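Shown next, in structure tokens, is the structure this report addresses.
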There are 2 protein chains.
Amino acid sequence: MNKMHKEHNLTKNQKIIFDLIDKSPQPLKAYSILYNVQKKGIKAPLQVYRALDKLVEIGKIHKIESRNAFIACHNSNCQVAKATAFSICEICEKVTEISSAGLSKYLANFKDKDGMKYSKYNLEFFGLCKKCTLK
Amino acid sequence: MNKMHKEHNLTKNQKIIFDLIDKSPQPLKAYSILYNVQKKGIKAPLQVYRALDKLVEIGKIHKIESRNAFIACHNSNCQVAKATAFSICEICEKVTEISSAGLSKYLANFKDKDGMKYSKYNLEFFGLCKKCTLK
DNA sequence: TACATAATGTTATATTATAACAATAACTAA
DNA sequence: TTAGTTATTGTTATAATATAACATTATGTA
């Protein structure tokens, strides 16, 4: 099987949960996912969390830490969840993955005073989206 | 009272909880704070969370979102919690607030493709601290 | 004073996440 | 193709994180 197409390797539960998140316009929370997949035989929180953990690990989804919610990766750059940036509207809670070569480059090369080199980062911007600004 | 010295305005509970966090070398979790202040008369989670919320709001402490933990602000720039950056060691869990003028400037001025302007951000870098790199 | 606002105390409950263990499926190497 | 290994699943129970609702007290302010 072609290893470049990771989605083909998803297991049944992982696929059910990824499809749900991928179709959703906004991030989904774990228990909201659970309620939505119970008719498909996924009955317990742990089944959801395990699939989520795996999907995050392989970079198919990202966790929005400030919201405890999960969103599908729409950035072809991040096959692995090691460099993520999001914008979050504080009114409508719309979340968008930021895909900026400049930002990625700046952060990937950032070194702090101690010379600590980072293997991963997550950045969350907060503000008002265009729609909510106009209201 | 001098409004420039916000710490003087802390209430009893806020002061107890801030002092505990401020003395701690690593971020503290809400329930660990609760256990530590029960002898001082703070008995319920809500009393802790309310103080934490206020302390975050006025910028005396920051929440490390990926860890659900709280750390005192050691950056004179952020009187208000609107622009935060941390480094987190994935082995020893040591957390350090990053104070880089370049980084702050870059992120404060960052605009995404939609022209959305941000009022706030939180950045968490992950990697190994110096000690843990040598092990 | 009287009013408004913020903080507190308290009980109950909601939400998010993991431990522990048994069973099954998929992968790997002799 | 069999045995060993690793990943995934199913299940019950429970831990950890956080908020709702309401009564009370303290503080700030006109």
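Provide a single number: the residues in the range A:40-53 that are in contact with a Phe, Trp or Tyr (Cβ under 8 Å, 6 or more places away or on another chain) and within 8 Å of DNA strand D (Cβ to nearest atom). Residues in the range A:40-53 being in contact with a Phe, Trp or Tyr (Cβ under 8 Å, 6 or more places away or on another chain) and within 8 Å of DNA strand D (Cβ to nearest atom): 2 in total. Residues of the range A:20-46 that are charged (D, E, K, R) and under 17 Å from A:V56 (Cα atoms): A:D22, A:K23, A:K29. Answer yes or no as to whether A:I64 is more than 10 Å from chain B (Cβ to nearest Cβ) and crowded, with 18+ Cβ neighbours inside 10 Å. For A:I64, the condition - more than 10 Å from chain B (Cβ to nearest Cβ) and crowded, with 18+ Cβ neighbours inside 10 Å - is not met.
Which one is farthest from the other protein chains (Cβ to nearest Cβ), of the residues in the range A:40-53 that are away from DNA strand C (no atom under 12 Å from the Cβ) and not basic (K, R)? Explain how you work it out, then say what you get.
Applying the first criterion (away from DNA strand C (no atom under 12 Å from the Cβ)) to the range A:40-53 yields A:40-42.
Going one step further and asking which of them are not basic (K, R), we end up with A:41-42.
Details: A:G41: 31, A:I42: 25 Å.
So, considering only residues that are away from DNA strand C (no atom under 12 Å from the Cβ) and not basic (K, R), the one farthest from the other protein chains (Cβ to nearest Cβ) is A:G41.
One residue stands out in the range B:92-135 among those that are β-branched (V, I, T) and touching a strand residue (DSSP E or B) at 6+ places or on another chain (Cβ under 7 Å): the one that is nearest to the other protein chains (Cβ to nearest Cβ), namely B:I98.
Can you say whether B:A108 is under 30 Å from A:T133 (Cβ atoms) and in contact (Cβ under 8 Å) with a residue 40 or more places away in the chain, as far as the supplied structure shows? Against the criterion (under 30 Å from A:T133 (Cβ atoms) and in contact (Cβ under 8 Å) with a residue 40 or more places away in the chain), B:A108 does not qualify.
Step by step: first the residues of the range B:7-34, then only those that are more than 12 Å from DNA strand D (Cβ to nearest atom) and of a type outside the set (A, V, I, L, M), then the one that is farthest from B:F125 (Cα to Cα). Which residue is that?
Let us first name the residues in the range B:7-34 that are more than 12 Å from DNA strand D (Cβ to nearest atom), namely B:7, B:16-26.
Narrowing the set further to residues that are of a type outside the set (A, V, I, L, M) leaves B:7, B:18-19, B:22-26.
Working: B:E7: 29, B:F18: 24, B:D19: 26, B:D22: 22, B:K23: 23, B:S24: 21, B:P25: 18, B:Q26: 16 Å.
The extreme case among them is B:E7.
Hey, which of the strands (runs of 3 or more DSSP E) in the range B:23-135, taking only ones fully inside, have at least 1 residues that are of a type in the set (A, V, I, L, M, F, W, C) and within 26 Å of A:E93 (Cβ to Cβ)?
B:61-64, B:69-72, B:83-89, B:118-127
When the range A:76-98 is filtered for residues that are small (G, A, S) and modelled with pLDDT of 90 or more, the ones remaining, listed by number, are A:A83, A:A85, A:S87. One residue alone among B:V56, B:V37 is closer than 19 Å to B:K23 by Cα, within 14 Å of another protein chain (Cβ to nearest Cβ) and within 16 Å of DNA strand D (Cβ to nearest atom), and that residue is B:V56. Set side by side, the residues A:F70, A:F86 differ, and just one is within 19 Å of B:A108 (Cβ to Cβ) and touching a His at 6+ places or on another chain (Cβ under 9 Å), which is A:F86. The residues on offer are A:A72, A:A30, and the sole one that is in contact with an Asp or Glu (Cβ under 7 Å, 6 or more places away or on another chain), more than 9 Å from chain B (Cβ to nearest Cβ) and among the hydrophobic types (A, V, I, L, M, F, W, C) is A:A72. Within the range B:38-50, no residue that is without any contact (Cβ under 8 Å) to a residue 12 or more places away in the chain sits with its Cβ atom under 6 Å from a residue that is assigned to a loop (DSSP other than H, G, I, E, B) and more than 9 Å from DNA strand C (Cβ to nearest atom) at 6+ positions apart or across chains.
The values are calculated or read from the model by the stated rules, or taken from the named source; none is laboratory data. All values reported here derive from a predicted model rather than from experimental measurement. Ideal geometry is used to build each Cβ from the backbone, glycine not excepted, and the neighbour counts take in all protein chains shown.
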